[in-house]
Each structure stands twice: as C-alpha cells, then as structure tokens.
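The values are calculated or read from the model by the stated rules, or taken from the named source; none is laboratory data. Treat the numbers as computed from the prediction; the structure is a model and nothing was measured. Cβ placement follows ideal geometry from the backbone for every residue including glycine, while neighbour counts extend to all protein chains displayed. Remember, those area values only see protein heavy atoms, side chains included, never the ligands or the DNA or RNA. Shrake-Rupley method; radii C 1.70, N 1.55, O 1.52, S 1.80 Å.
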Amino acid sequence: MKPFDLRSILSFGVVGILATVTHALVAIALIEICSLHPFSANAFGFGAGFIVSYFGHHRFSFQSEAGHRQAMPRFLAIAGFGLFLNQVIVYLMVNLGGVNYFLALCVIILTVPAITYLTSRRWAFAKPSS
C-alpha cells in the first residue's frame, strides 16, 4: 500500500459527495413528499447515503479485495465513530466552549473525513491477510 495515493483520495472525495447528496435528497423527499418527521427521514437518508458510500469506497476509492462480510461491518463502525466524533466536537466546542457552530463545522470538515479515509483504507477495506 502506497503511503499517499492521490487517485484514492480524489475518489474518496467524489464518493463522499455523492453519498452526502444521496443522504440529503432521500431525507428531503421523505420530509416533503411523505411528511415523515425529520428525525426519521434523516435516519433513512443516512442509510441510503451509507449504502452509496460503502459500495463506492469498496469499488472505487480503495478497489478493495476484502469481502463484504469483513468490510461492511468495519465500515459501519467507522461511520458510526465518525458520527460520534462529529457530535463530540460540536458538544465540546459549541455547548461547552461557546464557540460559533461554524467554527466547529470547519474543525469537523478538516478532521473527520481524514480520520475516516485513513481508518477505511487501513482497516475496513484493507487487503485480507492470507
């Protein structure tokens, strides 16, 4: 595994954007068309975005040879940790620190995707050991 792989990083960004758009569109459609409560609609949107993210990263970002039985639970754990980390950063910076939410969002955008990329590359989608 190369220490720096520009193709993989760019693919990760594109897949991430597609997953985010999917999440948003599904949530908005469920809220506006189906009158679903935003809390529930967001959960369905997250699920749809997760599917796009998982398969996109498996196939394009990391071109993984890892089986789905190994990679999917690992990536789900990474996604869950990313959500947890998002919430912790917001809580610490906004709720406890009194910082504007926009600064917290900037910290999240600069840190969480990098952590997600590295852990996905080195653990979730890593080449299975022989």
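Within segment 1-98, which chymotrypsin sites (Phe, Trp or Tyr not before Pro) sit in a loop by DSSP and count at most 13 neighbouring Cβ atoms inside 10 Å?
Phe4
Helix 68-90 sits at what angle to the longest principal axis of the chain, using alpha carbons and giving 0 to 90 degrees rounded to 10?
Once rounded, one gets 40 degrees.
Tell me, what is the percent relative contact order of segment 1-83, built from C-alpha pairs under 8 Å that lie six or more residues apart?
Computed over segment 1-83, the figure is 34 percent.
Note the angle between two axes, namely the Cα long axis of helix 6-32 and the longest principal axis of the Cα atoms of the chain, as a number of degrees from 0 to 90, rounded to the nearest 10.
Taking Cα atoms only, the helix is inclined about 40 degrees.
With a 1.4 Å probe and all protein chains in place, put His37, His68, His57, His23 in order of accessible area, largest first.
Ranking His37, His68, His57, His23 by accessible area, largest first, yields His37, His68, His23, His57.
What order do Ser120, Ser40 take when sorted by accessible area (1.4 Å probe), most exposed first?
Ranking Ser120, Ser40 by accessible area, largest first, yields Ser40, Ser120.
Once the whole set of protein chains is in place, how much accessible area is left on Met72, using a 1.4 Å probe, in Å² to the nearest 10?
70
Of Thr22, Thr119, Thr111, which is the most mobile in a GNM of the chain whose springs link Cα atoms less than 10 angstrom apart?
Answer for the Gaussian network model of the chain: Thr111.
Just Ser35, Ser11, Ser64 to compare: in a GNM of the chain, with alpha carbon springs under 10 Å, which one fluctuates most?
Ser35
Return the equivalent ellipsoid semi-axes of the chain as a descending list in whole Å, where each equals the square root of 5 times an eigenvalue of the C-alpha gyration tensor.
27, 20, 13
Of all accessible surface on the chain at a 1.4 Å probe, what whole percent is carbon and sulfur?
About 72 percent, which is the carbon plus sulfur part of the accessible surface.
Magnitude of the Cβ-charge dipole of the chain, K/R +1 and D/E -1, about the Cα centre, nearest 20 debye?
480
Roughly how tilted is helix 38-56, in degrees to the nearest 10 and between 0 and 90, from the longest Cα axis of the chain?
20
For the chain, with a Gaussian network of springs between Cα atoms less than 10 Å apart, report the residue from Ala77, Ala48, Ala29 with the top mean-square fluctuation.
Ala29
Express in Å², to the nearest 10, the accessible area of Cys34 obtained by rolling a 1.4 Å probe over the protein heavy atoms while all chains stay in place.
In the full protein context, Cys34 sits at about 80 Å².
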